Amino acid sequence: MYIYSFQVEYIRLLWHHIFMSYTITFTRKAAKSFQKIPAKFGNGIINALKDLARDPYSNGSVKKLEGHDGYRMRVGDYRVIYELEDEIRVIRVTKVGTRGDVFKRG
């Protein structure tokens, strides 16, 4: 019985990973900002985005933006601002940078 339930859970997780994950895209501006981030911080952002792509609704460091469409994810001293398009399963990153950079007006 235990082996069977493990196999069912493994298949469910595998199915979710292969067929249910979201695609991450960057706007041109976000991609340019991301390239300027030092590699040791960039790798942390990439890992956080991979986790987000697996399940965009269970990440504790994500908050809905106030007054705007979209979400923000905190990764150390950096923020990732993104929009979630559930119907086409896309996470569109619009800004990446430090808190001061991503929340500047203009």
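Brief remarks on what is shown
- Only residues that are farther than 15 Å from Gly97 by Cβ and touching a Ser or Thr at 6+ places or on another chain (Cβ under 6 Å) were counted across the stretch 44-79, and they come to 2.
- The set of residues in the stretch 77-106 being over 16 Å from the mean Cα position of the chain (by Cα) and part of a helix (DSSP H, G or I) consists of Glu87, Arg99, Gly100, Asp101.
- Looking only at residues in the stretch 18-50 that are of a type outside the set (A, V, I, L, M), surrounded by 11 or more Cβ atoms within 10 Å (Cβ to Cβ) and outside any helix (DSSP H, G or I), the one that is modelled with the lowest pLDDT is Ser21.
- Extreme residue, surrounded by the most Cβ atoms within 10 Å (Cβ to Cβ), among residues of the stretch 57-68 that are modelled with pLDDT of 85 or more and either in a loop (DSSP other than H, G, I, E, B) or touching a helix residue (DSSP H, G or I) at 6+ places or on another chain (Cβ under 8 Å) (or both): Val62
- Residue within the stretch 84-95 that is within 16 Å of Lys29 (Cα to Cα) and without any contact (Cβ under 8 Å) to a residue 40 or more places away in the chain present: no
- For the stretch 35-45, the set of residues classified as in contact (Cβ under 8 Å) with a residue 24 or more places away in the chain and either closer than 12 Å to Ile81 by Cα or among the polar types (S, T, N, Q) (or both) consists of Ile45 only.
The values are calculated or read from the model by the stated rules, or taken from the named source; none is laboratory data. What you are looking at is a predicted structure, and each value in this text was computed from that prediction instead of being measured. Note that we place each Cβ from the backbone using ideal geometry, even for glycine, and neighbour counts take in every protein chain shown.
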